[in-house]
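Everything below concerns the one structure shown next.
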Amino acid sequence: MDQGKGDKSGANAMWGGRFAAGPSAIMEAINASIGYDRRLARQDIEGSRAHATMLGDTGILGSKDVEAIREGLLTVLSEIEGGEFEFSAALEDIHMNVEARLRALIGEAGGRLHTGRSRNDQVALDVRMFVRDQCDAADQALEALIRALLAQAEAGADWVMPGFTHLQVAQPVTWGHHMMAYVEMFARDRDRFADARRRMNLSPLGAAALAGTSFPIDRHATAAALGFDGPMHNSLDAVADRDFALEYLSAATICALHLSRLSEELVLWSTAQFRFVAMPDAWSTGSSIMPQKRNPDAAELIRAKIGRIMGASVALTTVMKGLPLTYGKDMQEDKEPIFDASDSLMLSLAAMTGMVAEMSANPESLRAAAATGFSTATDLADWLVRELGLPFREAHHVTGSLVAKAEAKGGDLPDLTLEEMQSVHQGITAGVFDVLGVENSVASRTSYGGTAPSEVRRQIARWREVLG
């Protein structure tokens, strides 16, 4: 008996009991992509309808066939979206599944749809359109997150909090300024997705298997119909290129990195040791054994998602790194990383937007933390330079001595008396105390992009104008 016809006794024992048949069943399992590329159904059918229209406009197909194909494809899409479509692994992929169903619906005309194209340019088109859609989706999600951050910044433009380096208190900043730092980060992410989208917006359709086609097709027409700026200029590159996917995954990785950094801060800030923010119930979970716990699980899961997204980028880079032109079956492995990364990114952006919009900052805890750790030491050094004319290095040394004196006393710089300060440098006057308060410190940082509330509000206004 043919081992590929279901004889269990013929199956290779090393393959175990998973497969009832022999090599043909395993080949079908490794070869088929319909289990995941069915997600490309909308893009596949949209591309096919544009292709059919072009075949009619150029006289390659008759109008009757074109109309039957276009209407039949809408029926197939309706069946897929309605959950009525029966996918077949034997037909390998979404392209063959759609075409087989189309032929069953409209007969011989369905077989003419593939004129002037190949599955190579067809899948290149479908994946490119999917990634383009994901760039648009990411852009919209990032705008929502940026607006949530702007609302937080506006509410807390005056709230003083510690700024950190090395996770040690460095200088006082404002809550609004900190929120605006993430606005800048996520705005760059929007730029990266937009830039990648611009570069990928050329159509591979009509490149056929690799060399183009002898049919008098109009690639500019299909490109325009599908929203592309034009056709790709080299048929070999059109079917071989996955740079667009790598660029998307790179932008997604950097965006996930920013989400992870913000998540880490939310995890820290919501602890009893910080008490900077209270996370809403909707974005927290409890403990099965410790009733007092309020775990920031959403932030922790977002923090972890970069592993999946970066992993997808590495996976596809590895797939593509050694491939000669043009198409190899290896490239079938492009879809699952793209799907997983895009799902992870969109879920993370939505969750972060919800957390940022609903979290409550604690201005009292922020201010109390800002006033610790000698956070105004730099302000003191600047005052010594500005008022006494000391070289900055000398001012730095004097300030360090005053910090040591305050530390030995068990207090902070504002706790030192004028006499104690003058014991380190006689020129210090009572005016020094004007710069030692954290509010005075942040108010003085009026350089462009600084933490002064007036400057924070200026940046908020600028971004609101940009967003419209």
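Points to keep in mind about this one:
- Protein-only accessible surface at a 1.4 angstrom probe places the residues D65, D191 in the order D191, D65, largest first.
- Annotation: per residue accessible area for the chain equals 47 Å², rounded to a whole number [probe 1.4 Å, protein chains only].
- The packing ranking, built from the mean of other Cβ atoms within 10 Å per residue, places the peptides 338-349, 300-311 in the order 338-349, 300-311, highest first.
- Nitroxide proxy distance, nm - points 7 Å out along Cα→Cβ at L236 and N440: 7.2 nm
- Cα shape, region 291-443, gyration tensor, a/c 1.5 rule: prolate
- With N counted as the residues of the chain, its alpha-carbon radius of gyration over 2.2 N^0.38 Å works out to 1.36.
- Ranking by accessible area, most exposed first, for V438, V466 with a 1.4 Å probe: V466, V438
- Computed FRET value (nearest 0.05) for T75 with L467, which takes r as the C-beta separation and R₀ as 41 Å: 0.50
- If you plug the beta carbon distance of T429 and R261 into 1/(1 + (r/R0)^6) with R0 = 45 Å, you get a FRET efficiency near 0.60.
- In this structure, E67 and D340 have a Cβ-Cβ separation that, at R0 = 51 Å, corresponds to a calculated FRET efficiency of about 0.85.
- Within a straight-line Cα-Cα reach of under 12 Å, K321 can be paired with the following aspartates and glutamates, leaving aside sequence neighbours fewer than 8 residues apart in one chain: D241, D243, D330.
- Counting only protein heavy atoms and a probe of 1.4 Å, the accessible surface of region 25-113 is 47% carbon and sulfur.
- Top positive-direction residue, dipole computed over the chain with Cβ charges, set H166, A282, M27: M27
- Heavy-atom surface analysis with a 1.4 Å probe gives region 369-467 a carbon and sulfur content of 54 percent of its accessible area.
- The alpha carbon gyration tensor of region 25-113 gives principal lengths a ≥ b ≥ c with a/c of 1.5 or higher and a/b greater than b/c, which makes the shape prolate.
- Beta bridges per DSSP with both ends in the chain, % antiparallel, nearest 5: 90 percent
- A Cβ-based charge dipole, computed about the Cα centre of the chain with Lys and Arg at +1 and Asp and Glu at -1, lands at about 360 debye.
- Set of aspartates and glutamates with alpha-carbon distance to K405 below 20 Å, sequence-local pairs under 8 removed: D379, D382, E394, D415, E419, E420, D434
- For the set F433, F274, solvent exposure ranked by accessible area (probe 1.4 Å, protein chains only) runs largest to smallest as F433, F274.
- Spin-label proximity, A170 to region 370-411 - amide N less than 13 Å from point 7 Å beyond Cα toward beta carbon: 378
The values are calculated or read from the model by the stated rules, or taken from the named source; none is laboratory data. No experiment lies behind these values; they were computed from the predicted model shown. So basically every Cβ, Gly included, is an ideal-geometry build from the backbone, and we count neighbours across all protein chains shown. All accessible areas refer to the heavy atoms of the entire protein, side chains included, with ligands and DNA or RNA removed. Shrake-Rupley method; radii C 1.70, N 1.55, O 1.52, S 1.80 Å.
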